1. Considering only lysines 8 or more places apart in sequence, or on different chains, count the pairs in the chain whose C-alpha atoms sit under 25 Å apart.
2. Note down the net charge around residue 104, summing +1 for each Lys or Arg and -1 for each Asp or Glu among other residues with Cβ under 13 Å from its Cβ.
3. Could you give the nm distance between label points at residue 56 and residue 106, where each point is 7 Å from its Cα heading toward the beta carbon?
4. Find the relative contact order for the chain and round it to a whole percent, using C-alpha pairs within less than 8 Å whose residues are 6+ positions apart.
5. To the nearest 500 deg cm²/dmol, what mean residue ellipticity at 222 nm is calculated for the chain from DSSP H runs of n ≥ 4 alone, each contributing -39,500 (n - 2.57), summed and divided by the residues?
6. Taking Rh as the Kirkwood radius, which is the inverse of the mean 1/r over Cα pairs, what is the Rg/Rh value for the range 37-83?
7. Can you tell me the FRET efficiency between residue 6 and residue 63 if r is taken as the Cβ-Cβ distance and R0 is 22 Å, rounded to the nearest 0.05?
8. Provide the descending list of Cα extents for the range 7-117 along its principal axes, expressed in whole angstroms.
Amino acid sequence: MYTKPNKSPWGDIDWCETLCPGVFMVATPSHGGIMVSKDMTAVLSPAARKCGLRANNHLCFEEDGDEHIVLRELLDKKLWDIPARIKDRAAFEENINDAVRRYHPEYWRTRRVGLENHPARQTVSAPAHEAEL
């Protein structure tokens with residue numbers, strides 16, 4: 001259904017891993033990040049979408065400071081789980097949170113308010129096909 005990207009804003013793609021349908025972690029010879037297909041951007045909060053870069057029909061989140069937002073959102077919505085190869089899952093998740101707090105404090109505040117207002121968040125099962133980038 002979703003085609004893996006063949007170009008990224010960071011250069012030619014060396015490898016690409018599907019995190020969930022339409023959401024891809026990519027690496028290039030020098031950089032990488034997460035690329036979210038246009039139709040899947042609807043699963044991201046408006047605050048998360050503001051942190052991405054539009055490129056190649058995807059919303060892109062670079063690996064150093066931005067991709068953690070996507071990982072946090074996918075975890076929150078139960079669309080992705082920390083891989084079994086990660087032995088200390090709690091530490092891995094805390095590293096995600098630390099990166100988000102450090103690089104995107106406004107997003108973190110918005111997320112916290114959203115969690116407080118909606119403590120029983122529902123799992124997102126399918127994207128809206130008319131999501132705006």
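Only the coordinates and a few stated rules stand behind these numbers; no lab work does. Quantities reported herein were computed from a predicted structural model and do not represent experimental measurements. Because the Cβ atoms are built from the backbone with ideal geometry, glycine has one as well, and the counts that use them run over all protein chains shown.
1. Going through the chain pair by pair, I get 13.
2. Its environment carries a net charge of +1.
3. 2.7
4. It comes to 24 percent, rounded to a whole number.
5. Using -39500 (n - 2.57) per qualifying helix, the result is -9500 deg cm²/dmol.
6. A ratio of 0.94.
7. 0.75
8. So the extents along the principal axes, rounded to whole Å, are 40, 32, 25.
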